[in-house]
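What follows is calculated from the coordinates using simple rules that are stated; it is not laboratory data. No experiment lies behind these values; they were computed from the predicted model shown. Cβ coordinates were reconstructed from backbone atoms using ideal geometry, including for glycine residues, and neighbour counts include every protein chain displayed.
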Amino acid sequence: MQFKDAAYEILKSSGVPLHYNVITDKAVKAGLLETTGQTPHATMGALLYTDTLNANSRFRRGDQKGTFALKATAPTGIEQQIEAIQKKVRQDLRKHLLNMPPQKFEELIRSLLEEMGFEETETTQYVNDKGVDVRGILKTNQLTTMKVVIQAKRWTNNVGSVPVRNLRGSLRMVDGEQGIIVTPSDFTLDAKAEAQSEGKMPITLINGNQLIELLFQYKVGVKQEERIIHSIDTEYWTEVLGISLEESETTEIKKIGKSKIKFPLAIEAHYKGKSFTGELLDTQGSVRWNGQDYITPSTAAKAIATDWKQVNGWKFWKYENPECEVWEYISNLRED
């Protein structure tokens, strides 16, 4: 996985801004990022800093130096359903990989190699294969070919360092073979260290998460279905016709001066017995919650009350009125 893709996954799961050093460490530990470079932290920081300069960047710079977060992208109901389906498919696929016979797992890996462009793929004899399960050749260009030897470990437990050493010993150095171990589970720290031992032929390790992504990418054992979804183009209605479809969401706060409110304004909400704190950022109603910025109070509220079909954020968040020290709905900041 590339640096920025790994950073996206880590920030998505954390939900809060993180320093690029922490992002790098978490990505490596989770097996999302494999790099042979000596300065992965610096590489991650440089890439994220540069990427945030792009208008379509998925990232934003955090309030603390060196930290980054995801731009606010409040998922729609349909997007949430798609994410739930994708998660379920991955879970089911992992179960199939862990339960299938070892020989069939080898055949699956061979099919994957062929879809990836490998030629002359073959599975070795199941008995006495000396650690080699699948061989293949990839022509990277007209002049260069790469010979690959793969060991498919259909294990439920993490693969240790012994299979790594055994596969390395099975490589035909004179032919320039390169070794790969694939498993639906994961690898121990010793295995990862052995695979990149200094002075030895490196062995590529592909764990369950990476294998599933490859199966998705090359559509091996996975089919892709498409549906056409219609949605209202709010930009067209607003910019072309001058009609606001969400008048209540875009109404500007007019009473700021009277109440001597300064931004960012601390706000809070209560949902299912829990308290949630955030910040009202401007007169348009932008809200920052859990390290992400939302363009309206309702989108921020919907990120919390995910089981509600609709949420009026102006009646969800409260602020402390400085004149009477009473917590009131932020809708009171607007003129009727």
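Odds and ends about this structure:
- With Cα atoms, 0 to 90° folded angle of helix 40-51 axis to the chain main axis: 50
- For the chain, calculated [θ]222 nm from helices alone, where every DSSP H run of n ≥ 4 adds -39500 (n - 2.57): -10000 deg cm²/dmol
- Against the chain, whose longest principal axis is taken from its Cα atoms, helix 102-115 shows a tilt of about 70°.
- The GluC sites (Glu not before Pro) of region 283-328 that DSSP puts in a loop, and whose beta carbon has at most 16 other beta carbons within 10 Å, are Glu323, Glu325.
- Segments 101-111, 52-62 sorted - mean Cβ within 10 Å per residue, highest first: 101-111, 52-62
- For the chain, the longest principal axis of the Cα atoms and the long axis of helix 161-170 meet at an angle of about 50 degrees.
- The chain, relative contact order in percent, only Cα pairs under 8 angstrom and at least six apart counted: 11
- Exposure proxy for Ser286, Ser13, Ser298: other Cβ atoms within 10 Å of each Cβ, ordered fewest to most, give Ser13, Ser286, Ser298.
- The chain, dipole about Cα centre (Lys/Arg Cβ +1, Asp/Glu Cβ -1), debye to the nearest 20: 820
- Candidate lysines - alpha carbon under 18 Å from Lys29, same-chain residues fewer than 8 apart omitted: Lys4, Lys12, Lys192
- Estimated FRET transfer efficiency when R0 is 25 angstrom, pair Ala46-Leu189 (beta carbons, to 0.05): 0.35
- The tail of the calculated P(r) for the chain, taken as Cα-Cα distances beyond 35 Å, holds 42 percent of the pairs.
- Pairs spanning more than 24 Å between alpha-carbon atoms, out of Lys88/Lys219; Lys139/Lys219; Lys26/Lys302; Lys95/Lys223; Lys26/Lys71; Lys88/Lys274: Lys26/Lys302; Lys88/Lys274.
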